[in-house]
Structures are given as structure tokens and as C-alpha cells.
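Readers should treat all values here as calculations from the given coordinates under stated rules, not as data from a laboratory. Fair warning: this is a prediction, and the values are worked out from it, not measured in the lab. Because the Cβ atoms are built from the backbone with ideal geometry, glycine has one as well, and the counts that use them run over all protein chains shown.
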Amino acid sequence: MRKLLKVPLITIATIAGLIGATLATTSIVNAVANATEAAELHPYGQLVDVDGKRMNVVTSGDAPETIVLLPGQGTAAPGLDFQPLVAELRDQYRVVVVEPFGYGLSDQTDVPRTSANIAGEVHAALRGLGIDRYVLAGHSIAGITALEYLQRYRDEVTAFIGIDTSVPTQPGADEATPTDGLEALKSLGILRVLTAIAPDPTAGLPYDTATKRQLAILANRNAMNPTLLDEIAHTPANFRAARSQSFPADLPILMFVVGDDPELADWVSLHEAQLAGIDRSELVLLDGGHYLHHTESPQMGADIKRFLGDTPTG
């Protein structure tokens with residue numbers, strides 16, 4: 001029996017040794033790359049104190065009316081990611097992109113990533129900048145955060161703009177996303193390898209070379225960080241909490257939605273139901289992926305200006 005097992009055991013030991021050597025190499029490469037990329041990273045925006053930590057906020061334009069943009073879950077660098085849409089709006093609005101904790105250049109936090117905590121922190125950052133009247137806008141999961149935000153700070157918000165926003169009743173919202181081992185994969189450099197061999201997510205998009213490099217650096221730095229993993233863990237509970245919330249009927253709402261989502265056949269009808277009963281709302285269907293602001297910003301900018309131009313904000 002021992003002789004029969006000898007060759008397989010040697011093979012297994014050899015494979016294990018190769019795997020160990022490979023992981024040791026990827027770990028070292030990852031550590032060196034992290035240090036190199038940290039030196040390449042260029043600060044942008046303004047760091048605002050929130051509960052003793054720093055939250056990065058990027059402001060463009062100096063018009064009297066303000067639009068505040070909140071990112072979708074896992075967006076590595078919101079202040080850079082939103083650039084195509086910001087470019088369409090900053091001539092007529094002051095556009096403020098908030099990078100919540102764990103995103104962009106903002107700090108990590110141990111505070112649980114409930115919608116209530118995230119909304120409170122975003123509000124504290126805006127108050128720290130003296131911003132107390134604005135249009136609230138957001139992408140994806142920001143639609144869930146916004147429902148909580150409007151429960152608390154409705155008197156400050158003049159309108160809401162949704163960018164393919166999440167809906168509390170969407171299918172799969174209650175399902176937990178397995179995250180065990182992801183932090184280890186990052187520290188071992190495996191996530192970096194997978195990112196390197198994946199298609200370039202910015203190919204063909206309106207970012208210059210320098211911005212693409214910064215986006216890549218922050219994608220590696222912020223991927224599966226502890227704050228984001230905690231947010232993912234809280235996501236099902238955040239959706240459940242949002243089911244008892246709704247947009248205020250008197251709040252003007254403009255929603256941009258992917259018109260033909262192959263993953264969710266009822267995606268449009270879910271948003272139509274969410275807007276039922278709103279005094280003034282508009283649903284704009286666009287062709288494009290979930291990150292509509294990457295490819296559809298010219299039309300979005302024009303529609304936002306038209307919609308807000310017809311909306312009293314005083």
C-alpha cells in the first residue's frame with residue numbers, strides 16, 4: 001500500500017510546493033506593487049473630518065445650485081469614475097462627489113456599514129463643507145442609501161436623480177454574497193493577477209491616460225477592503241430595511257434606467273412601481289450597461305439640465 005501511494009504523494013507534494021512558491025511570489029509582487037502604486041497616486045478632492053476620520057469629497061464648478069453624487073457599491077474611485085457626467089454638468093452646477101468610507105481616497109472605518117450609518121456620514125461630510133441644500137443623485141446601491149437619507153434629511157434635498165439605482169424589491173436582494181477568503185486572495189496577490197488578465201474596464205471610455213492609471217491603482221488598493229466587505233455583508237439587511245421606505249411624494253425624481261437588462265426582465269417595471277404616486281417624476285430608458293454615466297453622460301447631462309430647469313429648487 002505504501003509503495004502504491006508513494007508516487008501520488010510525491011506528485012501532491014510537488015504540486016503543493018509549486019502552489020506555495022507561486023503564492024509566495026504573488027504575495028511579494030503584490031506588496032511591491034502596492035508600495036510602487038502608493039507613490040504614483042495623486043491626491044484629488046478635499047478631505048473632510050467625519051467622526052475623527054477623513055472622507056474625500058470632490059467638488060467641480062462654482063454655480064449656485066449643487067448636485068451631490070453618491071457611488072454604486074464597490075466603485076473604486078467615485079471622484080474619478082463620475083468624471084464623464086461631472087464634465088456635462090459643471091458648467092451649470094456645483095457638482096459634489098462624495099467618496100464614502102472605504103471608497104476612493106477616504107479612510108476605512110470599523111462602523112457597521114448600515115444604510116443609516118452611511119447616510120449619516122455622508123450628511124456630516126456635506127455639513128462640514130457648509131452644503132445644506134442640493135439635488136441628491138446616485139448610482140446603483142445609492143438608491144437604497146438615498147431612501148434612508150431622505151427619511152432623515154428631506155428638508156435639504158430639492159430633487160433626486162437615480163442612475164440605474166437599486167430597488168428594495170429587486171430579485172436576489174435578500175441573498176448574502178459569500179466573501180470568505182476574498183481578503184486573503186487580495187493579500188496573496190491573486191486578485192491583482194485576475195485584474196491584470198481581465199479586459200480593461202476603461203477601454204473606450206472618455207478618461208485620459210493619467211486618469212485611467214489612477215483608476216487602476218485605486219481599483220487594486222480598494223478591492224475587497226475590510227470596509228467594503230462589511231458593506232457587502234450588511235447589504236441584505238439594508239435592502240430589507242428599505243422595503244418600509246419610499247421616496248417622498250412631493251420630491252421631484254428623475255431616473256435613468258437600463259432599458260433592456262438581460263439579467264432582470266422586470267427591471268423597468270420595478271422602477272415604474274417605485275415612482276408611482278410621485279407628484280413629478282420622469283423615467284428615462286437608456287441603452288448601455290449598468291454604469292450609464294460612463295457612456296451616456298451627454299444625454300444624461302442634457303436631461304438633468306432640462307428636468308432641473310423645470311423644477312423649483314428655492
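So, in Å, what gap is there between the alpha-carbon centers of region 41-81 and region 230-265? Going from one Cα centre to the other spans 22 Å. All distinct Cα pairs of region 102-180 go into the 1/r average, and the inverse of that average, the Kirkwood radius, is 14.0 Å. A full extension of the chain between residue 212 and residue 237 corresponds to an added length of 5.6 nm, given 0.36 nm per residue minus the alpha carbon distance.
Remark: 110, 51 ranked as 110, 51, counting other beta-carbon atoms within 10 Å and listing the fewest first. Placing unit charges on the Cβ atoms only, positive for Lys and Arg and negative for Asp and Glu, gives region 26-136 a dipole magnitude near 160 debye about its Cα centre. Exposure proxy for 141, 131, 163: other Cβ atoms within 10 Å of each Cβ, ordered fewest to most, give 131, 141, 163. Each peptide in 256-269, 209-222 was scored by the mean count of other Cβ atoms within 10 Å over its residues; highest first, the order is 209-222, 256-269.
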